[in-house]
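Report on one structure; see the data block that follows.
Since every read-out is calculated from the coordinates, none of them should be taken as a lab result. Being a predicted model, the structure only gives us computed values, none of them experimental.
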Amino acid sequence: MRRTAYIYTDEYARFEYGETHPLKPYRLKLTHALIESYGLLALPACRVVETVPATRAELETFHTPEYLDVLEAADLGLYRPDYAAYGLGPGDNPIFPGMYRWSQLCAGGTLQAARLVASGEVDVAFHSAGGLHHGMPDRASGFCYINDPVLAIGELVRQGYRVAYIDIDVHHGDGVQAAFYDTDRVLTISLHESGRYLFPGTGFPQEIGEGKGRGYAVNLPFPPGMDDALYLEGFLAIVPPLVAAYQPDIVFTQLGVDAFHDDPLAHGNLTTAGFLRVLEVLKALARRWVATGGGGYNLANVARAWTLAWGVMNDVEVPDPLPEAVRPLLARQGYHGQTLRDRPLEQPVSPRQRQEVAEAIAYLKRHVFPLHGLPST
């Protein structure tokens, strides 16, 4: 039985990006309630760890002091026109009361997860509030003020670990890729809806790293409408062979669930069936595993998917019937089903969609695989 740690605080739910903003921190409390209702926090090898906010010094290992000064000043929720230069203001990255504290908590929990795994105290650590992968050193981007994966991976690298970062969010993990684009100490793999159709407009197969990092940035974009079968075909073709060849000390995953079929911000058709298959493969690849959350704007999907993920991390098959106590909570989010898992979708992809993915896979096999000693066909 794997030793696991679940990093969480109820304080997450007191923050609010704004009434109309799609990112709702309440989803973390909803996920916690569903996980707890199944008894998954009372497992013999599980630890529940209270989140500790990151310090200013820890944030400065990636973010600039000038930018952090602005975040601290904006914590009262008052907007100034000069904040726009840092990506802050109306739209994706609003100014709201407590935004700096929120960012400290999101970053701190991921740092705790990485340290628990690196120290050998646990084999797997999950921080659902993490995975804010768009943040840049000197600006906010894509709902992300602080890039917690970069902070945690950077610390692991400084400790001498080789890290494989695998990002299944529907949006390209651009901030993490940019941070490690020129090093071979981190293998970044992002599977996402193509930047031709979706923010942030990056993540094409041709982005493979530079200098010592050439071949260590890997991107597999999908067309809108990718389903479980097409996604798994791409995932299995690229991720297991590259991770096996790289032989990381620690696997770090960003488990965004916004590629699901009814997420409001993208165009994917994944279900819990495909998500579970991906998680089982990740578990097999990751002897030491740091897991974070990520995107997900259908709150019921988030809670159900991350509950299933926590079950996989603990080698537990979670029962499908939803506990009676949490059904009203999910119903308030528009989910009136009785089960944790989705029904299969009958929306097969087109030959054009399949060809687009096949071409991306072929490019990676020609240009990235040989750099890792793998065959190009």
When the helices in the chain are scored as -39500 (n - 2.57) per DSSP H run of 4 or longer and the sum is shared across all residues, what 222 nm value do you end up with, to the nearest 500 deg cm²/dmol?
-11000 deg cm²/dmol
With the contact rule set at Cα under 8 Å and sequence spacing of 6 or more, what percent relative contact order holds for region 312-377?
20 percent
Checked region 1-109 with the C-alpha gyration tensor, a ≥ b ≥ c its square-rooted eigenvalues, rounded below a/c of 1.5, otherwise prolate if a/b is larger than b/c and oblate if not; verdict oblate
Under the Karplus curve 6.51 cos²θ - 1.76 cosθ + 1.60, θ = phi - 60°, whole-Hz ³J(HN,Hα) for region 190-204, x wherever Gly or Pro sits:
10, 10, 7, 5, 3, x, 5, 10, 8, 3, x, x, 10, x, 8
Please report the projected area of the chain's Cα convex hull averaged over all directions, in nm².
17.2 nm²
tail above 17 Å in the computed P(r) of region 211-321, as % of all Cα-Cα pairs, reads 57 percent
